[in-house]
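Undergrad: Have a look at the structure that comes next, please.
The values are calculated or read from the model by the stated rules, or taken from the named source; none is laboratory data. Note that the coordinates shown come from a computational prediction; the quantities given were computed from them, not determined experimentally. Here the Cβ is made from the backbone with ideal geometry for all residues, glycine too, and neighbour counts use every protein chain on show. In case anyone asks, the SASA skips ligands and DNA or RNA and just uses the protein heavy atoms, side chains included. Shrake-Rupley method; radii C 1.70, N 1.55, O 1.52, S 1.80 Å.
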Amino acid sequence: MNPSESSNGHHPSSAAAANAVRSVDAATEAGVQPVAEIDGGFVAEQGAGGAIEAEVDERKGAVLGTAVSRGPGGQILLGISLMLIAFNLRPLFSSLSVLLPDLIDRTSLSAASAGYLTTLPVLCLGIFAPLAPRLSQRIGPERSLLLALLFLVAGTALRGMGDMYALFLGSALAGAAIATGNVLLPSVVKRDFPHRAALMTGVYTMALCGGAAAAAAFTLPFAHFFGNSWEAGLAVWAVPAAIVLLVWAPQALRATVIPRHSRRTVSGLTRDPLAWQVTFFMGLQSALAYCVLGWMAPILRSRGLDGIDAGFMLSMSVMVQVATCLLMPPLAVRFRDQRLTNALLALVASLSLIMLLFAPVSTLWFWALLQGIGQGGLFAMAMTVIVLRASDSHVAAHLSGMAQGVGYVLAAVGPLLVGVLHSLSGGYEASAWLFGALGLAAAFNGWGAGRAELVKARSAAIDA
């Protein structure tokens, strides 16, 4: 079979494709800037005064497996399952955050070592994210997510063994599992929910935030219930992951393995400036996010709050992210581009985090609330631009792998530097410079990633 290539130009090879392009042209003449999939082809605005680009992929789903035709019940089950998977991809971080001061007090863990511990799973996100599309090509996305859940359960349980080596090893193992889920969820959404990609992006990012909020609120009460055991507080989050593993297993095992001749490869991403701006936007906002998940509770406790109150304030902030994650993507795609939205959210998120260091204690709830609004919207937009800047599900998978692979390695610097700065200065105030720099850099790259263009990448079929 000859390789079949597609790029970001018009390739209407069927009557349906021609109708899709004519529909887009009509919408353009009417002043509408559509961002949708029409008749199986992905359509995205190309910028002010620019041409609408349409990509019709007749081998849709080749990298990720062919999308199975499902009835309404099957679609609902799939959507709920993806939400449950997403819910379990963040408790690893916030559960450690609220227990971190206790670990430092009751174990040999130093502030610098705590920085390494909070950084390790984030670093694993970056290291293992590029491997997720390759794993998906071999065994399919459903089985890849099943394998990720298995390692997530094992890693989370291992953290509760009470040994420092097990704590670090379990964090790394769970981080590798989360990397797979992070990469594959956006591309599976694009494959199986092509007409509701923005809504589903908001839904599963909402679930991500919900998992983080639940762990922030309930980890310390769980630990107190089990005799003030930090081990139990960490290990208990393996239980919901194991339940989702059982729910997902039948769907994953029923999925059809991808035929070799239908697989595709994507090239050109690393040479595209827009792809790099999407990548840096993802990485820099993630650095802020993991500073929040890893260090907000210790920062609040240093301001005089007790552990329970600090955990609930972090939980409230993350719960606010749930609302903005749900609302922001459908709202943002109504605009011609997302440049201003991305930049403003980055500045709000970083400024609010800085104010948690210096504002009067009586106002901390307000700044935690505002930080949640900014951070939740920022994260949702980082995930959304991956979908919007990709021409099809194949490009989305590889752009997601690049953005999260390079991006999370960059993100690991954030929580690491907070720990190092705390160790050097004896407090958290020096971190304000770090938060400010991350916010400005995220705003700059978010402005670029928000341009209404598609990345210039080629999707080609692999010979049988």
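Undergrad: Based on Cβ point charges of +1 for Lys and Arg and -1 for Asp and Glu, what charge dipole magnitude is obtained for region 162-312 about its Cα centre, in debye rounded to the nearest 20?
TA: Dipole size: approximately 820 debye.
Undergrad: Any idea what the dipole of region 93-245 comes to, in debye rounded to 20, about its Cα centre with Lys/Arg Cβ at +1 and Asp/Glu Cβ at -1?
TA: Working: 8 positive and 6 negative charges, 122 e Å.
That gives region 93-245 a dipole magnitude of about 580 debye.
Undergrad: Something else: If you average the alpha carbon positions of region 204-249 and of region 284-310, how far apart do those two centres end up, in angstrom?
TA: First find each Cα centre; the distance between them is then 18 Å.
Undergrad: Which order do you get for Trp276, Trp237 if you rank them by accessible area with a 1.4 Å probe, largest at the top?
TA: Output order, biggest surface exposure first: Trp276, Trp237.
Undergrad: Could you order Tyr165, Tyr116 so the one with the most accessible surface comes first? Probe is 1.4 Å.
TA: Tyr165, Tyr116
Undergrad: Report the calculated FRET efficiency for Ser362 and Arg271 (r = Cβ-Cβ distance, R0 = 60 Å), to the nearest 0.05.
TA: Once rounded, the FRET efficiency stands at 0.70.
Undergrad: Rounded to the nearest 10 Å², what accessible area does Lys456 show when all protein chains are kept and the probe is 1.4 Å?
TA: 140 Å²
Undergrad: Okay, moving on. On the accessible surface of region 339-431, probed at 1.4 Å, how many percent belong to carbon and sulfur atoms?
TA: 79 percent
Undergrad: Another question, if that's okay. If you count only protein heavy atoms with a 1.4 Å probe, what accessible area per residue comes out for region 277-358, rounded to a whole Å²?
TA: I get 33 Å² per residue for region 277-358.
Undergrad: Which of rounded, prolate, oblate describes region 218-315, given a ≥ b ≥ c as roots of the alpha-carbon gyration tensor eigenvalues and a/c under 1.5 marking rounded, otherwise prolate only if a/b is larger than b/c?
TA: Because a/c hits 1.5 or more and a/b fails to exceed b/c, region 218-315 counts as oblate.
Undergrad: Select from Gln321, Gln251, Trp295 the residue farthest towards the positive end of the dipole of region 247-349; place +1 on Cβ of Lys and Arg, -1 on Cβ of Asp and Glu, and compute about the Cα centre.
TA: Of Gln321, Gln251, Trp295, it is Gln251.
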